[in-house]
Amino acid sequence: MKLNPKEALKKLARHDSPFLDLFSHGSLQVEIYKPEKVDLQLPHARDEIYVVIEGTGEFLNGGERMTFSAGDFLFVPAGVEHRFENFTDDFSTWVFFYGPEGGEKP
């Protein structure tokens, strides 16, 4: 299995949604996400990883704000409020959900 950002973004452009499911195996779910101007997502029931494909901006993760750019890895535990803010128009990211609802125990 291979996922290519350029091809994934082409598929996403044909949908009326900022995200698209691309692959799943066991508890792993892989999506591509490209919000338009505002990130409206809510906390998720499972642990989540983002790997930024392109763009820059700020990421709010719980009470912590950090900058991000292409190639960055961002982890969000299940149930934690998070969102991308002040991001560039070219921003896109891989999204990986995994594990049980409620998140994995540390």
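Under the combined filter of DSSP loop state and at most 10 neighbouring Cβ atoms within 10 Å, the stretch 25-88 retains these trypsin sites (Lys or Arg not before Pro): LYS37.
Sorted largest first by accessible area at a 1.4 angstrom probe radius, with every protein chain in place, the residues HIS25, HIS15, HIS44 fall in the order HIS25, HIS15, HIS44.
Computed with every protein chain present, the accessible area of LEU9 is close to 50 Å² [probe 1.4 Å]. Across the chain, the relative contact order, built from alpha-carbon pairs under 8 Å that are at least six residues apart, equals 32 percent. Cα to Cα, under 22 Å, and not fewer than 8 places away if on the same chain: which lysines meet these conditions relative to LYS6? Once the sequence-local lysines are set aside, what remains near LYS6 is LYS34, LYS37. The residues of the chain expose on average 61 square angstrom of accessible surface per residue, using a 1.4 Å probe on protein heavy atoms. The structure-derived value of volume of the Cα convex hull per residue in Å³ appears in the list (i) 154; (ii) 242; (iii) 106 under the label (iii).
Remark on SER27: its backbone amide H falls under 5 Å from those of GLY99, a criterion applied only to residues 5 or more positions apart or on other chains, H modelled at 1.01 Å from N. Solvent-accessible area of the chain (1.4 angstrom probe, protein heavy atoms only): carbon and sulfur portion equals 54 percent. Rounded to the nearest 500, the helix-only mean residue ellipticity at 222 nm of the chain stands at -2500 deg cm²/dmol, with each DSSP H run of n ≥ 4 adding -39,500 (n - 2.57).
Charged neighbours of ASN4, selected by a Cβ distance under 12 Å, balance to +3 (K, R count +1; D, E count -1). For the stretch 36-79, the Cβ-based charge dipole about the Cα centre amounts to some 80 debye (Lys, Arg positive; Asp, Glu negative; other atoms uncharged). Sorting TYR98, TYR50 by solvent-accessible area of protein heavy atoms yields TYR98, TYR50, largest first, with a 1.4 Å probe. Once backbone amide H atoms are built at 1.01 Å from N, ASP72 has VAL52 as its partners under 5 Å, excluding neighbours fewer than 5 places away on the same chain.
The values are calculated or read from the model by the stated rules, or taken from the named source; none is laboratory data. Model, not experiment: these values are computed from the prediction. Here Cβ is always computed from backbone atoms with ideal geometry, including for glycine, and neighbour counts include all displayed protein chains. SASA here: full protein model, heavy atoms, side chains in, ligands and nucleic acids out. Shrake-Rupley method; radii C 1.70, N 1.55, O 1.52, S 1.80 Å.
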